[in-house]
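Data block below; observations after.
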Amino acid sequence: MAETFQTTSDIERLLAIAERLKAHLGEEAVEEVKTHNGEVTVTVRRQYLTEALRYLRDHEIFEMLVDATAVDYLPLRGEPRFEVVYHLLSLTHRLRLRIKVRVRSDDAWVPTVCFLYPSANPYEREIWDMFGIRIDGHPHLKRILTYDEFPGHPLRKDFPLFWQPGMPVEKPAEEFEEW
Amino acid sequence: MATVEWEQALMTINMGPQHPSTHGVLRLILTLEGETIVDAEPIIGYLHTAIEKEAEFKTYHKVITLNDRLDYVSGMTNNFAYCLAVEKLLGIEPPLRGQYLRVIVTELQRIASHLVFLGTMAFELGVMSAFFYCFREREKILDLFEMLCGARLTYSYIIVGGVRYDLPDGWVEKGREFLRDFPKAWQELNELISENPIWLSRTKGVGVLRKEDAIAWGVTGPSLRASGVPWDLRKTMPYSSYDHFDFEVVTAEEGDTYARYWVRMLEMMESVKIVRQAIENLPAGPVLADHPWATPPPKDLLDKDMEALIRHFLFYGRGYPVPPGEAYAAVESARGEVGFYIVSDGSEKPYRMHMRAPSFIHVHALPVAAKGHLLADLIAILASFDPVMGEVDR
Amino acid sequence: MKATIVKTTIDGHEIVIAPPGEARGEVLDELDAEMREVIGRNVLLAKLEDLLKVDVVQAIINWAKRNSLWPATFGLACCAIEMMATVASRNDIARFGAEVFRSSPRQADVMIVAGRCSWKMAPILKRIYDQMPNPKWVIAMGTCASCGGVFQNYAIVQGVDQIVPVDVYVAGCPPRPEALIHGIMLLQEKIKRERIGKHREKEVP
């Protein structure tokens, strides 16, 4: 019932692809392979990210990077604080795969993938703007959604929801709650 | 005899956020060599509304009202993708009548959105009458939506578990009347625009996006299908009973502006086909799944049953907890693949909601299609990608 | 909400954020200030004022102003689509003389701020307002332009009256075309009661 989009055979093919990825990169590259709600998520280590995506693009034919974003897990689990999430789509095999990289807050950077997938270019700028995770090797890393002098990175969990220019940026002690 | 050496001077021009033809608040910094475009750098963020951050502070049901404002020209599809993602986390499947109603409203919304595309693109290229004809037809669709859910633009009609209301009396007749009259209006627009020599010279061969570039840049939707890739989520990864309907995936080969326009024109007629099939085969039954806490109880039970009243208050007041996990769900909207990535921590509010917006990518793929063309062609190319700044900036 | 005036820099533009409802326009062109003085001392107008009663001249000029309000295109978000629907044939704004949407603010009378204005857009809003020549009016269409609307967060201006002086607020999310037309008619009533000539200085914000 939860397999609205991908059937059981798709899950099997994705798990086989994850096995081949692990075989190609080595055991220590892939941290975790998870299947949940009809989706397969592979967590890789940061230094193997570009190699993993290159393998998936060239050998497993995942032609399109559909989405790249990040999540801040500070209140839930502390370190590693961020997870950078990439969604890949294969037009020929009709499969979706999610690749994750865990990033610590004192070491917040990921290598760029925009040389593999040009569509990652604006997504990585957004990750920098919203979360403060530097993208190493990006040709034009500038804020994209907020204005240049914006103080802070808004989608982090310690940035307040309600802030106006002129207010100091402080930790949300009494956070603006839903009425 | 002296010869004159012309210097190649590049001129930087700002096509500012306030502009009649940029489809919203898009800023383009153009580097021109004479009239020819060397580079067009888009600067976005002028409509950034922090919807993703707001969603972390509102319950799952209230976030649906925020989602309408993302892609405001095509409001039903945002709700649809979001509800599919939350249903994936909850493990709910809506009843068949609910799924058919979702299909009907999404396809009608697709026609309305393509009419806005056609109206604005024609307006910018000089065919001002087409703007009025398109909006006249769109008003008929908005009448249908208003009869159904009370709103013209921001519906919040599709909720987790199904749809909010069943069809009122007289809706099916009015829908059939619209389906009877729309092909004539389509033919009128077709005769006005498609063979027009000015239109052809302004759009044929202009802004070619090759297949490899389109896929590498993540372009989806009609813009991808116009470049020769027959990828339509409704056919390749069907959701919500789209596989019950018989329709074609409209593709074109050239990848130019005319192809993108023509794909959307034919898609309007395919949508008419789907709505006709859905209305004729509409099954009976409930429109909302009956989950113990994630769907509101039916209104007629509220004054009879105490548990229903408690469930009603808990649903609207406190919200419903969603099992922890993450889900990504995508639908085929009028612009491309609209996807929602939701991370849940087990509470009543989403921990992270991210929207994958097709226009975000199309706006950044614009320089690839526009290089080497004239400044006036840029307007046609931008209009043919049909960006909506609400979903670009979120 | 705060009650002080904040000066800040956004994208290199300096902008003054006033408490809600108290924004003031400033004249970008020195030429415009001279023009206003000249029209105030307009000889023909003064002669007409002596010849007929002041009220008749005022009535005629205000009738001309309010029945030919040319809006400047400032459609930002969802309200822009409803504004386009108001221009379309079912709810026809042309019967109010307002179908000519000028892209250049130099040729416009009224700025209909349709949609949510983010802080990144705010200096541009102020600049377009300053570039409009007098007489000018502002309609804040929709709740986002009037007071921030559904969005009370770091990115949205909580009401454009913190940046430009607003004459008419139209509520709705988005307001129906009928509501926008009602707002335009309210503005027409306001213009009907305006003073002209040497009494005008007190009115312009």
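The values are calculated or read from the model by the stated rules, or taken from the named source; none is laboratory data. Keep in mind the model is a prediction, meaning the values are calculated, not measured. Please note: Cβ atoms are built from the backbone with ideal geometry, for glycine as well, and neighbour counts cover all protein chains shown.
Values computed for the structure shown
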| quantity | calculated |
| --- | --- |
| Of all residues making up the stretch C:153-183, the number that are within 10 Å of another protein chain (Cβ to nearest Cβ), part of a helix (DSSP H, G or I) and touching a Phe, Trp or Tyr at 6+ places or on another chain (Cβ under 9 Å) | 0 |
| Hits in the stretch A:55-72 - residues which are surrounded by fewer than 22 Cβ atoms within 10 Å (Cβ to Cβ), free of Cβ contacts under 8 Å to residues at least 40 places away in the same chain and not in a strand (DSSP E or B) | A:Y55, A:D58, A:H59, A:I61, A:E63 |
| Any hit, the stretch B:61-75, residues being assigned to a loop (DSSP other than H, G, I, E, B), more than 14 Å from chain C (Cβ to nearest Cβ) and touching a residue at least 40 places away in the same chain (Cβ under 8 Å) | no |
| Residue satisfying condition, being within 28 Å of B:S240 (Cα to Cα) and out of contact with any strand residue (DSSP E or B) (no Cβ under 9 Å at 6 or more places or on another chain), within set B:V388, B:V338, B:V343, B:V322 | B:V388 |
| Residue ranges of helices (runs of 4 or more DSSP H) in the stretch B:280-394 with at least 1 members buried (at least 17 other Cβ atoms within 10 Å of the Cβ) and touching a His at 6+ places or on another chain (Cβ under 8 Å) | B:375-385, B:389-393 |
| Residues of the stretch B:42-66 satisfying the condition of being over 22 Å from C:M121 (Cβ atoms) and among the aromatic types (F, W, Y) | B:F57, B:Y60 |
| Which listed residue is surrounded by fewer than 20 Cβ atoms within 10 Å (Cβ to Cβ) and at positive phi, from B:G162, B:G221, B:G207, B:G228 | B:G228 |
| Failed condition for C:I112, given (1) out of contact with any strand residue (DSSP E or B) (no Cβ under 9 Å at 6 or more places or on another chain); (2) at pLDDT 90 or above | (1) |
| Flag if A:L14 is free of Cβ contacts under 8 Å to residues at least 24 places away in the same chain and either assigned to a helix (DSSP H, G or I) or touching a Ser or Thr at 6+ places or on another chain (Cβ under 6 Å) (or both) | no |
| Candidate set from the stretch C:83-103 (those that are under 14 Å from the mean Cα position of the chain (by Cα) and within 11 Å of chain B (Cβ to nearest Cβ)); member that is farthest from C:M132 (Cα to Cα) | C:F101 |
| So B:I92, is it in a loop (DSSP other than H, G, I, E, B) and either more than 19 Å from the chain's Cα centre (by Cα) or of a type in the set (A, V, I, L, M) (or both) | yes |
| Identity of the residue in the stretch B:230-251, within 15 Å of B:N281 (Cβ to Cβ) and among the charged types (D, E, K, R), that ends up farthest from the other protein chains (Cβ to nearest Cβ) | B:D246 |
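Here's the yes/no breakdown for (1) without any contact (Cβ under 8 Å) to a residue 12 or more places away in the chain; (2) over 22 Å from B:I141 (Cβ atoms); (3) of a type in the set (D, E):
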site	(1), (2), (3)
B:E212	yes, yes, yes
B:G228	no, yes, no
B:T236	yes, yes, no
B:F245	no, no, no
B:E254	no, yes, yes
B:A259	no, yes, no
